[in-house]
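Asker: The structure is given below, and queries will be raised subsequently.
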Amino acid sequence: MLAKKIKAVIFDVGGVLQIKKQNRDEGIKGVHKEVAEKFNISLDHYFDAVDDVYAKSIEGKLQEREVLKRLALNFKISQKKLIKVYKEVYTKNFNLNKELLDYAEKIKKQKIKIAILSDMWHLSKDTLIIKKFYKVFNPLIISCDVGMRKPNKEIYKLILRKLHTNPEETIFIDDREWNIKSAKEIGIKTILFEDNKKTMNLLEKLLK
């Protein structure tokens, strides 16, 4: 039986299209640590204040206005300052992966659909989902917008419906093994992101 031709490639954002800057603490943990320092509170106090709101925001169970309202109250600061601090820290910790973005645009010119599937809470989405992503990728499925997150299989099924592709015609790139595993279980071809060179080499083979 002939292999199905690849029609779409789905990219994660945090850790893939936006990568942790060198010499920063590990990923999102580093963001939370730096925010806690800026608010002059312990990391334990920070997580006590943010934990429930953070989880519900990622899963789309809270609207952005409610997220901002609750966190501003918990941290005893203005919503304006809250947004400013998170934006500064996310910007400080992550770099746009321009090489991979350029590659995505290249394969788009070859009539391959390119999309984004990412777990984000409202305060990371506003910084890490840049305007150019909306011009280049279609669709963009962000967990806080759709009310579910990876590795829930329903979110992969949702993006497949938006793409109008079958699982075996689709590649998903993520830096988390548990997200890869769930996608693979429904038949999507997967790449565990480690670096650009390996990822682009694997894509070249799968797209032939």
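Asker: Output yes when any residue across segment 165-180 is farther than 25 Å from residue 60 by Cα, in contact (Cβ under 8 Å) with a residue 24 or more places away in the chain and touching a Gly at 6+ places or on another chain (Cβ under 6 Å), and no when none is.
Answerer: Yes: one or more hits.
For every residue, the table says whether it meets (1) exposed (fewer than 14 other Cβ atoms within 10 Å of the Cβ); (2) over 28 Å from residue 112 (Cβ atoms); (3) assigned by TED's automatic domain parsing to the domain that holds residue 147; (4) modelled with pLDDT under 95.
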position	(1), (2), (3), (4)
3	yes, no, no, yes
31	no, yes, no, yes
43	yes, yes, no, yes
49	no, yes, no, yes
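Asker: Could you pull out the residue among 48, 102 that is free of Cβ contacts under 8 Å to residues at least 40 places away in the same chain, out of contact with any Pro (no Cβ under 9 Å at 6 or more places or on another chain), part of a helix (DSSP H, G or I) and under 30 Å from residue 164 (Cβ atoms)?
Answerer: Result: 102 is the single residue among 48, 102 that is free of Cβ contacts under 8 Å to residues at least 40 places away in the same chain, out of contact with any Pro (no Cβ under 9 Å at 6 or more places or on another chain), part of a helix (DSSP H, G or I) and under 30 Å from residue 164 (Cβ atoms).
Asker: So residue 107 ticks every box in (1) outside any helix (DSSP H, G or I); (2) farther than 22 Å from residue 64 by Cβ but one. Which box is left unticked?
Answerer: That leaves (1) as the condition not met.
Asker: Oh, and also: Being surrounded by 19 or more Cβ atoms within 10 Å (Cβ to Cβ) and part of a helix (DSSP H, G or I), is that true of even one residue in segment 7-25?
Answerer: Scanning segment 7-25 turns up no residue that is surrounded by 19 or more Cβ atoms within 10 Å (Cβ to Cβ) and part of a helix (DSSP H, G or I).
Asker: For segment 8-16, does any single residue satisfy the condition of being in contact with a Lys or Arg (Cβ under 6 Å, 6 or more places away or on another chain), β-branched (Val, Ile, Thr) and within 30 Å of residue 187 (Cα to Cα)?
Answerer: no
The values are calculated or read from the model by the stated rules, or taken from the named source; none is laboratory data. No experiment lies behind these values; they were computed from the predicted model shown. Positions of Cβ are generated from backbone atoms using ideal geometry, with glycine treated the same way; all protein chains shown enter the neighbour counts.
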